[in-house]
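Peer 1: I have a structure I would like to understand better, so I am pasting it below and will then ask my questions one at a time.
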Amino acid sequence: MIRDNLIRDNLVRDNLVRDNLVRDNLEIVFEGIGGACKRVGRVESEVTLIAVSKTQPVAMIEEAYRAGIRDFGENWVQELDEKVKLLPGDIRWHMIGHLQRNKVKHIIGKVYLVHGVDSLRLASEISKEALKKDTEVNILIEVNVAEEESKFGVRKEDVLELVRCIAVLPGICIKGLMTIPPYVDNQEKNRQIFSMLHQLAVDIGKENIDNVTMNVLSMGMTGDYQIAIEEGATYIRVGTGIFGDRVYSSE
Ligand SMILES: *Cc1c(COP(=O)(O)O)cnc(C)c1O
């Protein structure tokens, strides 16, 4: 608690204004979610907002928490680890970054969902650590729909095969798919990527593989979450749209 308060005190001065900003931004995002749902006849409860809090201070996360947010996304294991210790226990932490195998042991039992699984080797490590801790880990398969060379994720053609291989591992449950589309100036350009991911989930769901459900689609960020919702997203991952720009330290 002392550390918590210290962190908060340090931030209070310059964040009083920004604190309100988080609440106001959330209102805008929820309006966007509502609008997108309405346009395609979906109900808002089908869509869960993950507040992507990477690089953002504890005080801002607390502000979002007070506004009712319970799902937060982080990209780096060490940062996640520190924030888990400082923040309320009912938060559902989402590991949305690329997870290295040697870091897996640090997050098992702490995270609610691992979004970026794209190899059997990583899944095997998760399975191994899950068994050690006598728990089950929910994961999403990351798909590189646009087949960008620089991106993590499996190619569309390889997803079903990977799902079959991971499905037999103990201590691991596949819940759906996740994608990070290319950066584009016009968000409409990514609509097709989202609809392809959706279709892929539907197709894999039809295979009725044990240990696999395809109910979760994690797609859409600040710039394109409304389009992602229109195309079937169940989780959207919004960072700057809630917390403002990220400041990266040089550590
Ligand atoms: C950082 C990040 C986000 C949030 O991006 P914004 O554009 O700030 O909303 C979403 N998903 C992933 C995987 C990220 O790394």
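The values are calculated or read from the model by the stated rules, or taken from the named source; none is laboratory data. This structure is a prediction, so every number in the text was calculated from the model and none was measured. Note that we place each Cβ from the backbone using ideal geometry, even for glycine, and neighbour counts take in every protein chain shown.
Peer 1: For the range 32-59, name all the residues that are within 16 Å of the ligand (Cβ to nearest atom) and not hydrophobic (A, V, I, L, M, F, W, C).
Peer 2: The answer is 32, 48, 53, 54, 55, 56, 57.
Peer 1: Still on this structure, I have one more. Looking only at helices (runs of 4 or more DSSP H) that fall completely inside the range 178-247, which ones have 2 or more residues that are in contact with a strand residue (DSSP E or B) (Cβ under 7 Å, 6 or more places away or on another chain)?
Peer 2: Once the helices (runs of 4 or more DSSP H) in the range 178-247 are filtered for at least 2 residues that are in contact with a strand residue (DSSP E or B) (Cβ under 7 Å, 6 or more places away or on another chain), what remains is 191-205, 225-230.
Peer 1: Could you list all residues from the range 128-152 that are basic (Lys, Arg) and modelled with pLDDT of 95 or more?
Peer 2: 128, 132, 133
Peer 1: Pick from 87, 113: which is within 19 Å of the chain's Cα centre (by Cα), of a type outside the set (Gly, Ala, Ser) and within 16 Å of the ligand (Cβ to nearest atom)?
Peer 2: 113
Peer 1: Only residues in the range 230-251 that are within 18 Å of residue 195 (Cβ to Cβ) count as the first member; pair them with residues that are at pLDDT 90 or above and charged (D, E, K, R), Cβ under 8 angstrom, at least 6 apart or cross-chain, and list the lot.
Peer 2: 230/39; 230/191; 231/191; 234/46; 235/71
Peer 1: Look through the range 155-171, keep the residues that are under 10 Å from residue 143 (Cβ atoms) and among the aliphatic types (A, V, I, L, M), and return whichever of them is surrounded by the fewest Cβ atoms within 10 Å (Cβ to Cβ).
Peer 2: The qualifying residue surrounded by the fewest Cβ atoms within 10 Å (Cβ to Cβ) is 162.
Peer 1: Just checking, which of 174, 209 is free of Cβ contacts under 8 Å to residues at least 60 places away in the same chain, buried (at least 23 other Cβ atoms within 10 Å of the Cβ) and away from the ligand (no atom under 16 Å from the Cβ)?
Peer 2: Sole residue among the options that is free of Cβ contacts under 8 Å to residues at least 60 places away in the same chain, buried (at least 23 other Cβ atoms within 10 Å of the Cβ) and away from the ligand (no atom under 16 Å from the Cβ): 174.
Peer 1: Got a sec? Which of 218, 195 is within 14 Å of the ligand (Cβ to nearest atom) and modelled with pLDDT of 95 or more?
Peer 2: Answer to the selection: 218.
Peer 1: For the range 172-220, enumerate the residues that are of a type in the set (A, V, I, L, M), within 18 Å of residue 117 (Cα to Cα) and over 19 Å from the mean Cα position of the chain (by Cα).
Peer 2: Scanning the range 172-220 gives 204, 209.
Peer 1: If you go through the range 146-154 one residue at a time, do you hit one that is in contact with a Lys or Arg (Cβ under 7 Å, 6 or more places away or on another chain) and in a strand (DSSP E or B)?
Peer 2: no
Peer 1: Quick check on the range 50-80: of everything there that is assigned to a strand (DSSP E or B) and in contact with a strand residue (DSSP E or B) (Cβ under 6 Å, 6 or more places away or on another chain), which residue is farthest from residue 248 (Cα to Cα)?
Peer 2: Ranking the candidates gives 71 first.
Peer 1: Regarding residue 123, is this residue more than 14 Å from the ligand (Cβ to nearest atom) and either among the polar types (S, T, N, Q) or assigned to a helix (DSSP H, G or I) (or both)?
Peer 2: The answer is yes for residue 123.
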